[in-house]
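Structure record follows, encoded as structure tokens.
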Amino acid sequence: MRVLVTGGAGFIGANFVLRTLAERPDVDLTVLDKFTYAANASTLDPVASDIRVVRGDIADASIVDPLVADADLVVNFAAESHNDRSLADPSSFVQTNLVGTYTLLESVRRHDVRLHHISTDEVYGDLDLDDPARFTETTAYNPSSPYSSTKAGSDLLVRAWVRSFGVAATLSNCSNNYGPYQHVEKLIPRQITNVLSGIRPKVYGDGANVRDWIHVHDHNDAVWTVIDRGQLGETYLIGADGEVDNLTVVTSILELMGREADAFDFVTDRPGHDRRYAIDATRLRTELGWTPRFTDFRSGLADTIDWYTAHRDWWAPVKAGVEAVYAATQQTL
Ligand SMILES: NC(=O)c1ccc[n+]([C@@H]2O[C@H](COP(=O)([O-])OP(=O)(O)OC[C@H]3O[C@@H](n4cnc5c(N)ncnc54)[C@H](O)[C@@H]3O)[C@@H](O)[C@H]2O)c1
């Protein structure tokens, strides 16, 4: 099977490539990635001779088209993915998440190639902290930020191309991922590398915001489950019942790293910060038989701390730049 992985040099896409190489010898992989600030070229270095890597934009039809023509399946991880950045400058989010997905759709339509589109639970907006509800496949879209609204738009484009043009596509919307190779701008690696760098961790607002955490390997196993057994045209929610509030995430990191649990600072909340996300993955579990393997969040967190501790070379070159961007943003709030 020839698989084109867009965004395969980013966090989830690179983990997908590495695990697929290890577990599916019948798969031939090509990565298409623009190598934005979010990519880390060194992640794929150890497997460079086992895959084909193309540097290019998913919104550029002249690059996309020949690659799609040569594939049996496209898995679209490529996106601008950081909420805070989308508030500072939404333009690249519109371009990549909307125009890029449109470009891929036209190409898979032209060449009759299967697409699996990766998306986020943030398209559903947020839930109140005391609301017992969780998101399901039928929850109405209600995105809050330029990031989540452009992801929502990309999902709707995929659904429309399925309905209007018969494109063979599936979609999955996943909750918050953690694990190795995640950019240090994101909550968990940022706070781990803060502690490793002698910087006090930061908590937005009151820290009560709840995220539904899933290990990146569970996400990618679920993606393969949908590719293998999902029904064309359908959407599957991916989540591992991992609701934890941000304050608990940060104090757990501090405790696991041998620091005082209160050795952090509260900082001004970001505008429009969603309060709670929670996924009901019943459909994926019952119809497709998927179950998560990394269900103990604290032990997954401990493994992730070990990974960042052992891979300082991977993250140290970009750490200072990320903290400078956060410091400048805080001054404008
Ligand atoms: N991180 C999460 O918790 C999470 C949760 C659910 C869904 N998702 C979705 O999963 C996907 C991957 O997320 P991630 O966390 O790995 O993101 P990431 O920012 O770590 O990686 C994105 C990758 O896409 C590449 N890219 C960006 N614009 C591109 C373009 N125009 N053309 C080609 N490549 C481009 C980047 O260079 C990078 O390698 C995204 O679609 C995101 O919305 C992420």
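The values are calculated or read from the model by the stated rules, or taken from the named source; none is laboratory data. These numbers come from a predicted model, not from an experiment. Note: ideal-geometry Cβ built from the backbone for every residue, glycine included; neighbour counts use all protein chains shown. Areas reflect the complete protein model, heavy atoms only, side chains present, ligands, DNA and RNA absent. Shrake-Rupley method; radii C 1.70, N 1.55, O 1.52, S 1.80 Å.
For the range 95-198, rounded, prolate or oblate, judged on the Cα gyration tensor with a ≥ b ≥ c (square roots of eigenvalues), a/c < 1.5 rounded, else prolate if a/b > b/c?
Note, shape of the range 95-198 comes out oblate.
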Helix 297-310 sits at what angle to the longest principal axis of the chain, using alpha carbons and giving 0 to 90 degrees rounded to 10? 90 degrees
Taking only protein heavy atoms into account and a 1.4 Å probe, give the accessible area per residue of the chain in Å². 41 Å²
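Compute the Cα gyration tensor for the range 263-333, then decide on rounded, prolate or oblate, letting a ≥ b ≥ c be the square roots of its eigenvalues: rounded whenever a/c is under 1.5, prolate when a/b is larger than b/c in the other cases, and oblate in all that remain.
oblate
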Which value in nm describes the separation of the simple spin-label points at R229 and I199, placed 7 Å from the Cα toward the beta carbon? 4.3 nm
Y141 and D206 label points (each 7 Å along its Cα→Cβ direction) are spaced in nm at 3.2 nm
Against the longest alpha carbon principal axis of the chain, how many degrees, from 0 to 90 and to the nearest 10, is the axis of helix 216-229 turned? 20 degrees
For the range 1-80, take every pair of Cα atoms, bin their distances at 5 Å starting from 0, and report each bin as a whole percent. 3, 17, 32, 26, 16, 5, 0
Roughly how tilted is helix 146-165, in degrees to the nearest 10 and between 0 and 90, from the longest Cα axis of the chain? 20 degrees
Stick to the Cα atoms of the range 166-207, pair each with every other, and give me the Kirkwood hydrodynamic radius in Å at one decimal. 12.9 Å
As straight-line cross-link partners of K151, the qualifying lysines (C-alpha separation under 25 Å, not fewer than 8 residues apart within one chain) are K34, K186
The chain - mean residue ellipticity at 222 nm from DSSP helices (-39,500 (n - 2.57) per run, n ≥ 4, rounded to 500): -13000 deg cm²/dmol
Rounded to whole angstroms and listed largest first, the alpha-carbon spread of the range 1-154 along its three principal axes comes to 50, 31, 30
Using just the C-alpha positions of the chain as equal point scatterers, what log10 of I(q)/I(0) does the Debye formula give at each q in 0.15 1/Å? -1.34
Expected output is a single nm value to one decimal: the length gained when fully extending between D26 and D262, i.e. 0.36 nm times separation in residues minus the C-alpha distance. What is it? 80.0 nm
Inter-centroid distance (Cα atoms) of the range 64-78 relative to the range 143-178, Å: 17 Å
Round to a whole number: what % of the accessible area of the range 185-240 belongs to carbon and sulfur, probe 1.4 Å? 48 percent
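May I ask for the Rg/Rh ratio of the range 168-305, computed from Cα atoms with Rh as the Kirkwood radius, given to two decimals? Spell out each step's value before the answer.
Values: Rg = 16.3 Å, Rh = 16.0 Å.
Rounded to two decimals, Rg over Rh is 1.02.
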